[in-house]
Amino acid sequence: MRGKRFRLLTGVTAALALALTACGGGGGGQDQLSGGGDAPEVKVEENAQFEPGTTMEKLQKADKIRVGTKFDQPLFGLKGGDGKPHGFDPEIAKIIAAKMGIAPDKIEWVEAPSKTREEIIASDRVDMVVATYTINDERKERISFAGPYYQAGQDLMVKSENKDITGPESLRQTGAKVCSVTGSTPAEEIKKYVDPANLVLFDVYSKCADALRTGQVQAVTTDNVILMGLVSESGGKFKLVDKPFTEEPYGIGIKKGDVKFCEFINQSLQQASQDGSYAKAWEATAGEVAKQTPQLPQPDPCS
């Protein structure tokens with residue numbers, strides 16, 4: 001179930017759309033779109049103390065953390081020319097790592113496509129996943145979530161000249177084929193609006209964008225902020241329908257039942273919100289398109 005108590009950030013969507021209109025809907029290179037050009041400096045806590053046996057103590061002693069994130073999503077997690085991911089999600093991970101005394105260059109980045117996120121956490125291939133990861137009950141059966149740290153909403157992306165698709169309710173009547181990613185929450189949600197034969201699934205959203213470009217599908221669906229990144233690098237060929245129809249709280253995936261690590265992450269996020277580092281992380285990444293900085297949502301209880 002989605003966190004209905006969070007208010008959908010339609011203002012962020014509007015700001016994104018306005019900014020894209022102003023810059024012609026395209027342009028910049030990959031590093032610019034990922035927000036990787038001027039990443040904010042992260043203050044590393046040198047004297048942090050942790051209870052023996054906790055995940056925080058283990059990671060602090062190892063002076064290393066393995067973080068799963070996306071490598072293909074402009075603004076939130078896109079692999080740059082330096083071979084490292086850039087975007088809002090990696091910046092959030094850096095903030096949390098720094099609270100344990102771990103510098104950004106000590107982070108091991110692991111690609112975390114939607115369909116493998118629970119698997120890589122449960123199999124101990126990562127210590128946490130920060131990857132546009134919507135909190136829901138089904139995923140909580142295998143892993144735990146800290147956060148949320150951001151609230152998004154599902155939307156549709158179509159070709160710029162498309163006037164027939166005006167929202168999810170128009171998909172079935174137009175016979176549109178819709179693309180999303182295997183294992184994602186949007187892929188499940190869109191089944192309410194399209195017949196199974198008209199749903200096309202890939203492992204990454206960049207392949208959905210290619211399918212839209214070539215006419216294999218007529219729409220792509222996922223969270224609005226991900227779609228805005230794809231729109232911004234399309235050279236004006238794509239547009240956002242801008243009719244969000246869900247609320248998607250993004251959380252940080254960790255090993256199931258690690259309550260103390262969850263509480264530490266939530267505390268770190270609260271501190272980042274208070275000291276301005278959360279806002280700086282946004283402004284250096286997604287904020288290059290969305291000038292309205294979101295507020296950190298209230299955390300869910302750890303369990």
*Check ASP258, ASP275 and return the single one that is acidic (Asp, Glu), buried (at least 19 other Cβ atoms within 10 Å of the Cβ) and not assigned by TED's automatic domain parsing to the domain that holds ILE165.*
ASP258
*Among the residues of segment 188-208, which ones are free of Cβ contacts under 8 Å to residues at least 40 places away in the same chain and either within 14 Å of PRO113 (Cβ to Cβ) or assigned to a helix (DSSP H, G or I) (or both)?*
GLU188, ILE190, LYS191, LYS192, PRO196, ALA197, ASN198, LEU201, PHE202, LYS207, CYS208
_Condition check: of a type outside the set (Gly, Ala, Ser), surrounded by fewer than 18 Cβ atoms within 10 Å (Cβ to Cβ) and modelled with pLDDT of 95 or more. Does GLU91 satisfy that?_
no
_If I go through segment 209-231 residue by residue, how many of them are among the aliphatic types (A, V, I, L, M), modelled with pLDDT under 95 and over 26 Å from GLU119 (Cβ atoms)?_
2
*Only one residue in ASP164, ASP155 is more than 30 Å from LYS256 (Cβ to Cβ) and under 15 Å from the mean Cα position of the chain (by Cα), so which one is that?*
ASP155
*Restricting attention to segment 155-208, which residues are surrounded by 15 or more Cβ atoms within 10 Å (Cβ to Cβ), among the hydrophobic types (A, V, I, L, M, F, W, C) and farther than 15 Å from VAL241 by Cβ?*
VAL181, ALA187, LEU199, VAL200, LEU201, PHE202, VAL204
*Filter segment 46-92 for residues that are among the aromatic types (Phe, Trp, Tyr) and assigned to a helix (DSSP H, G or I) and give the result.*
PHE88
_Unique residue being within 19 Å of MET228 (Cβ to Cβ) and outside the structural domain of ILE143 (by TED's automatic domain parsing) when the list is PRO301, PRO294_ = PRO294
*asked:* If VAL217 meets every condition in (1) buried (at least 22 other Cβ atoms within 10 Å of the Cβ); (2) assigned by TED's automatic domain parsing to the domain that holds PRO85; (3) in contact with a Lys or Arg (Cβ under 7 Å, 6 or more places away or on another chain); (4) not hydroxyl-bearing (Ser, Thr, Tyr) apart from one, which number is that one?
replied: (2)
*Please work out if LYS237 is surrounded by fewer than 19 Cβ atoms within 10 Å (Cβ to Cβ) and touching a Cys at 6+ places or on another chain (Cβ under 9 Å).*
no
*Quick one: which helices (runs of 4 or more DSSP H) sit completely within segment 223-303 and have at least 3 residues that are more than 30 Å from VAL178 (Cα to Cα) and in contact (Cβ under 8 Å) with a residue 60 or more places away in the chain?*
259-275, 277-283
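The values are calculated or read from the model by the stated rules, or taken from the named source; none is laboratory data. Treat the numbers as computed from the prediction; the structure is a model and nothing was measured. All Cβ positions, glycine included, derive from the backbone under ideal geometry; neighbour counts span all protein chains shown.
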